[in-house]
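Here the structure is laid out as structure tokens; the discussion comes afterwards.
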Amino acid sequence: MQIYLPIAEVSVNAFLLLGLGGLVGVLSGMFGVGGGFLMTPLLFFIGIPPAVAVATEANQIVASSFSGVLAHLKRKTVDIKMGVVLQVGGLAGAFLGIQVFNYLKAMGQVDLLVKLAYVVFLGVVGGLMFIESVRALMKSRGGKTVSTRRKHNWVHNLPFKMKFRASGLYISAIPPLMVGVLVGILAAIMGVGGGFIMVPAMIYILGMPTKVVVGTSLFQIILTTAFTTMMHATTNYTVDVALAVLLLVGGVIGAQIGTRIGVKMKAEQLRVLLAMMVLAVCIKLGLDLLLMPSELYSLGAGGH
Amino acid sequence: MTRFLTLLATLLALALPAKAEEIVAGLSQNAVQITATFVGSEILIFGAVKRDTPAPEGDLGVAVVIEGPSHPITVRRKEKRMGIWVNTDAVEVNAAPSFYAVSTSAPFNEIISEEVDRARHISIPESIRIFHSEDVADPDNFAEAVIRIRENDGLYTMEEGGVRVTDNTLFDTHIELPANLTEGNYRARIYLTRGGDIVSNYVTNIDVHKVGIERWLYNLAHEQALLYGLMSLAIAVAAGWGASTFFRVFFRS
């Protein structure tokens, strides 16, 4: 069944969108990631204009994170105070990101920026995750358990200390603010929630306990992506609600299936798989930039 | 259909003032509505040649042009910089139609001379206007790129021999409108030619617009952007929450 998307102004198969949503949903359910970093490139591949893909994906992430946060709130695994601090940074970052996005859009470099951002971040995160999880996998085969000791690093020597009770932390507000800004910029430019950056940053830089990390990151992501959606909707008019809903319905159902598969697999195996997938998307996008494109010319709206 | 056309031609022949040769034509539809399930449309163009005197010398030709609204566009070219392909040169094309379909009764060059084409902007390359800029050395390559890209997207088509002419009097053709149409006023032009020159022409409009929910969403997104943004968020949250609740309740295992 073909459906004409009112804002993207293209006609696509509704089942293809439901399927894409479902596929990414399965993966995000399995790995506990938002899946925005996979969905946005997939939307590029099926011919949705990049600007619409990025803005709509932000809208979809709000929705897909919403039910997740409700569950975490019930289990009290959300550090609201930390979330709000991250959020303040996130809003500033998203605002900055939108300015950069719109400036580069006028210069015709927005596709390049989005793709470069993807290649760099997917490459770094995928690479690190792959190395780390392969090591963990080898260690667990050797029968040794990995000891985790909280280290005191530079984060603990900064001013403006705050108490984060749910995380059991007494640290400066500056690092969470910086993490928030970074994730906000990425959310605006890449159309992702930023969970794949936020989660490692919370664990390794801020030293938060793992049990509050996912809930807090989801809490922060909702607000940041909601703000991003509003910015895109009011300045670029590129949020396609029909597209978002179709992806979402597929995504929610897929996530439920994915969660069930995820339970049956070992954590290390899951991480290796996720890392390989992230690297595969990264390589595909990287090749697009490196290899000579079949069409050197591209058309954009004119008249500045 | 043919009998109807003959009748139409005869009636019009009686009603209109005399001229050596004149074209009368009609379209199967004068409005195209883009709905949520729009998959493209087909327009049938038919008509007849009305003449009071025996057919004059020279070969008869019919050319049908359907042209979408023109918008300025920016054409960018990629170049390899520091190992990656980056947009570098850009040319502003002042006007390029969003859709352009030409259908003719014979090879284009045989029925329309070059001078006539240039004066009336009939062929695809003639429909694009670039005010030559000094920014790039080869603006023609950019104009060719517009045509190439839009031809690949099925937005620019040229079908030589697409118009069927019966008994040197009746003609008909059909033109496909693709699913990725932009809104606006589409102009249909029909030319009757003899020996490369235009002897008569007929112009009419086709109104292409979104309707129903498509129309409503598009207008809301552009005119009430804030409200639309909030609505998008609310709908998405409700849909996401609803779907997951539904799943939890009905598929609990």
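A few notes on this one:
- Residue in the range A:7-22 that is within 14 Å of another protein chain (Cβ to nearest Cβ), touching an Asp or Glu at 6+ places or on another chain (Cβ under 6 Å), surrounded by 24 or more Cβ atoms within 10 Å (Cβ to Cβ) and in a helix (DSSP H, G or I) present: no
- Residue count for the range A:43-57 under the criterion of being at pLDDT 85 or above and either assigned to a helix (DSSP H, G or I) or within 11 Å of chain B (Cβ to nearest Cβ) (or both): the result is 6.
- Positions within the range B:148-196 being of a type in the set (A, V, I, L, M, F, W, C) and under 13 Å from the mean Cα position of the chain (by Cα), in sequence order: B:155, B:158, B:175, B:177, B:179, B:181, B:188
- Matching entry among B:202, B:228 (being over 30 Å from residue A:257 (Cβ atoms), in the same structural domain as residue B:115 (by TED's automatic domain parsing) and surrounded by 17 or more Cβ atoms within 10 Å (Cβ to Cβ)): B:202
- Pick from the range A:260-281, criterion within 14 Å of chain B (Cβ to nearest Cβ) and either assigned to a helix (DSSP H, G or I) or at pLDDT 80 or above (or both), ranking: surrounded by the fewest Cβ atoms within 10 Å (Cβ to Cβ): A:263
- Lone unmet requirement of (1) part of a helix (DSSP H, G or I); (2) touching a residue at least 40 places away in the same chain (Cβ under 8 Å); (3) within 14 Å of another protein chain (Cβ to nearest Cβ) for residue A:300: (1)
- Members of the range B:59-84 found to be exposed (fewer than 13 other Cβ atoms within 10 Å of the Cβ) and not in a strand (DSSP E or B), listed by number: B:82, B:83
- So residue B:168, is it surrounded by 15 or more Cβ atoms within 10 Å (Cβ to Cβ), over 19 Å from residue B:71 (Cβ atoms), in contact (Cβ under 8 Å) with a residue 40 or more places away in the chain and more than 9 Å from chain A (Cβ to nearest Cβ): no
- For residue B:199: the one exception among (1) within 14 Å of another protein chain (Cβ to nearest Cβ); (2) farther than 30 Å from residue A:292 by Cβ; (3) aliphatic (A, V, I, L, M): (1)
- Some residue of the range B:110-128 being within 14 Å of chain A (Cβ to nearest Cβ) and among the β-branched types (Val, Ile, Thr): yes
The values are calculated or read from the model by the stated rules, or taken from the named source; none is laboratory data. All values derive from a computational prediction rather than experimental measurement. Note: ideal-geometry Cβ built from the backbone for every residue, glycine included; neighbour counts use all protein chains shown.
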